[in-house]
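Here the structure is laid out as structure tokens; the discussion comes afterwards.
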Amino acid sequence: MRSVNPLTGQLYVAMAFDPKTSELVDYDASVWPIQIPSLAGSFDKLQEQLKAFVDKLRGVPLGELATNLNGSFAELKRPLKQVNSALNLDVRGALQQTQKTLSTFNEDQSKNSPARVRLGQAMNEVQRTARSVHNRQLVGRGAAAMGRSLPVTATTLVVKFDANGWSS
């Protein structure tokens, strides 16, 4: 017997030669009704295996397992609540410290903050120094250029720092 449709369970009789069979069967055509030798198929084995599995499954105490699982989950719930509350306190403290750090950073970056004013003053000094060095180079070139009759070229770089940032 072989399955035609596993959804409906419809079966049919398969009439074929089995190459795995080693024994020969004598056929007698004079016997009525005709007797056809047959072999047990794999479907029969499958039904037996399925029945054995279902029998084993019936022996499993599912109610007892569910009760044990519920008890285990209830015991696990208490320590998890303690860990959760401890973590909440630690995370809250870390977030407060981060908020303080960010507010300090924002104060340092405001337009009139002392750090920003000092940075502006330092940039002004750098600009004055650069102009001074540049002017000295021009004077040196100018004297040499006059002696050799070369044209004097000058380029000026102006860098400003104000409340909006850098500009050139």
(request) Search the range 93-111 for residues that are without any contact (Cβ under 8 Å) to a residue 24 or more places away in the chain and surrounded by 10 or more Cβ atoms within 10 Å (Cβ to Cβ) and pair each with any residue that is of a type outside the set (D, E, K, R) and outside any helix (DSSP H, G or I) when their beta-carbon atoms are under 9 Å apart and the residues are at least 6 apart or on different chains. (result) 107/113
(request) State whether the residues of the range 51-68 include one that is at pLDDT 75 or above and hydroxyl-bearing (Ser, Thr, Tyr). (result) yes
(request) Please work out if residue 20 is charged (D, E, K, R) and in a loop (DSSP other than H, G, I, E, B). (result) yes
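The values are calculated or read from the model by the stated rules, or taken from the named source; none is laboratory data. Values in this document were obtained by computation on a predicted structure and should not be read as measured data. Virtual Cβ from ideal backbone geometry, glycine too; neighbours counted across all protein chains shown.
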